Amino acid sequence: MIRFIETADEKRRIAREILESLTDWFEVEESREKYIADSAGQPFWASVDEGINEGFLCLKETGKETMELAVMGVRKECHRKGIGRRLFAAAKDYAARKGYEFIQVKTVRSGVYEDYDITNEFYKSLGFKELEVLPDYWDEANPCQIYVMSLKSTVNTIEARHSYRGTYLQENVPEEDLITIAGAGINAPSGCNKQTTDVIIVNDPEILARVKAQIDPPVAGTAPAMIIVLSKRINAYRDRCFAVQDYSAAIENMLLAIVELGYQSCWYEGHITDDDRICDKIASVLNVPKEYDVVCILPVGKAADEVHSPSKKPFSERVRFNRWS
Ligand SMILES: Cc1cc2nc3c(=O)[nH]c(=O)nc-3n(C[C@H](O)[C@H](O)[C@H](O)COP(=O)(O)O)c2cc1C
């Protein structure tokens, strides 16, 4: 389990425990102590299994747009279990949610020490790209290499998206962001280009309150804006209707745009299309013409709580190359 560690004391204790177990790599006590002291004030994650701290990672801010992977350590006996990857995924989610554009990591250029070559391959496998070599960071013989990862790539945004059901901050979402999000939705593919999905952006506080009043039990009650997704059930050709596929593609595009712009959301469809037909009540508040169904609502706003990633089945259980087995 990956835990976000809050207190400086716990961060220092975990960092010490792990770094002291890695004596081969942290021979110089002075640098180990510096890492431990520095990590106490930084965003910090630990991987914990049955009460054992297996590893940790901490980030630090190096500029308005960039976070640095400052320190990372995993006990030797826990290597090759995907712990580094899971720690990094949590840190990357955090940096993306906080609106940072990049994560960088400083390392020694490949070809100087074997240990760093392995580490550099690990960084590359996470998606880091070589940026530049700084010849005098440590000394001329061991030039420092900077690797950087853009958090605004589509694949990173897909990984950072999770359904958010917590409280939203009471900050208005600028209209240009709502327009970008709606634009991402209507730019989605649609069967035979029939463009069966429309959206209504609700950001007027009075209308938003009337929409929320229909949602019982309430969800997204604190969201400062909502996108209401409408679908027209017409056939794309012959008797083939692709309206569900069309609005699903539009919703996913909007969810990704929402996350990329630093907001959170959740695909609320089941809740509003159940037997109590909240969707029809929302349609009536918004004067939706009868040839359209309200199929989903997407709250939009900045998260006030932590965003949780649900557990997903392992990759290998769901993806195969070439044939089923
Ligand atoms: C068609 C559809 C309907 C959904 N309806 C609801 C809903 O009514 N309420 C809700 O809390 N989440 C709803 N979700 C969100 C899913 O519960 C969520 O995507 C799933 O648990 C996986 O979590 P993730 O989005 O964080 O990956 C819906 C998702 C889809 C695709």
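The values are calculated or read from the model by the stated rules, or taken from the named source; none is laboratory data. Keep in mind that this is a model prediction, so the values were computed, not measured. All Cβ positions, even for glycine, are placed from backbone atoms using ideal geometry, and neighbour counts span all protein chains on display.
Condition check ((1) part of a strand (DSSP E or B); (2) of a type in the set (A, V, I, L, M)) across all residues:
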{"position": "11", "(1), (2)": "no, no"}
{"position": "35", "(1), (2)": "no, no"}
{"position": "55", "(1), (2)": "yes, no"}
{"position": "59", "(1), (2)": "yes, yes"}
{"position": "63", "(1), (2)": "no, no"}
{"position": "70", "(1), (2)": "yes, yes"}
{"position": "85", "(1), (2)": "no, no"}
{"position": "96", "(1), (2)": "no, yes"}
{"position": "99", "(1), (2)": "no, no"}
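Output yes when any residue across segment 150-163 is modelled with pLDDT under 95, surrounded by 14 or more Cβ atoms within 10 Å (Cβ to Cβ), within 16 Å of the ligand (Cβ to nearest atom) and part of a loop (DSSP other than H, G, I, E, B), and no when none is. Yes. Among the candidates 292, 237, the residue that is away from the ligand (no atom under 15 Å from the Cβ), surrounded by fewer than 11 Cβ atoms within 10 Å (Cβ to Cβ) and on the phi < 0 side of the Ramachandran plot is uniquely 237.
For segment 241-252, a residue qualifies if it is under 25 Å from residue 173 (Cα atoms) and crowded, with 20+ Cβ neighbours inside 10 Å, and the qualifying residues are 247, 250, 251. When residues in segment 191-212 are screened for being free of Cβ contacts under 8 Å to residues at least 60 places away in the same chain and either in a helix (DSSP H, G or I) or surrounded by 14 or more Cβ atoms within 10 Å (Cβ to Cβ) (or both), 15 of them pass.
Taking the condition out of contact with any strand residue (DSSP E or B) (no Cβ under 7 Å at 6 or more places or on another chain) and modelled with pLDDT of 90 or more, does residue 88 pass? The answer is no for residue 88.
For segment 96-106, the tally of residues that are crowded, with 22+ Cβ neighbours inside 10 Å and at pLDDT below 90 stands at 1. Among the residues of segment 69-117, those that are within 27 Å of residue 311 (Cβ to Cβ), in contact with a Phe, Trp or Tyr (Cβ under 7 Å, 6 or more places away or on another chain) and not hydrophobic (A, V, I, L, M, F, W, C) comprise 73, 84. Can you name the residue in segment 220-233 that is surrounded by 14 or more Cβ atoms within 10 Å (Cβ to Cβ) and either free of Cβ contacts under 8 Å to residues at least 60 places away in the same chain or small (Gly, Ala, Ser) (or both) and is also farthest from residue 299 (Cα to Cα) among such residues? Of everything passing the filter in segment 220-233, 231 is farthest from residue 299 (Cα to Cα). Contact map, segment 267-278: first residue in contact (Cβ under 8 Å) with a residue 24 or more places away in the chain, second residue within 10 Å of the ligand (Cβ to nearest atom) and in a loop (DSSP other than H, G, I, E, B), Cβ cut-off under 8 Å, separation 6 or more or different chains; pairs are 267/163; 268/219; 268/220; 271/219.
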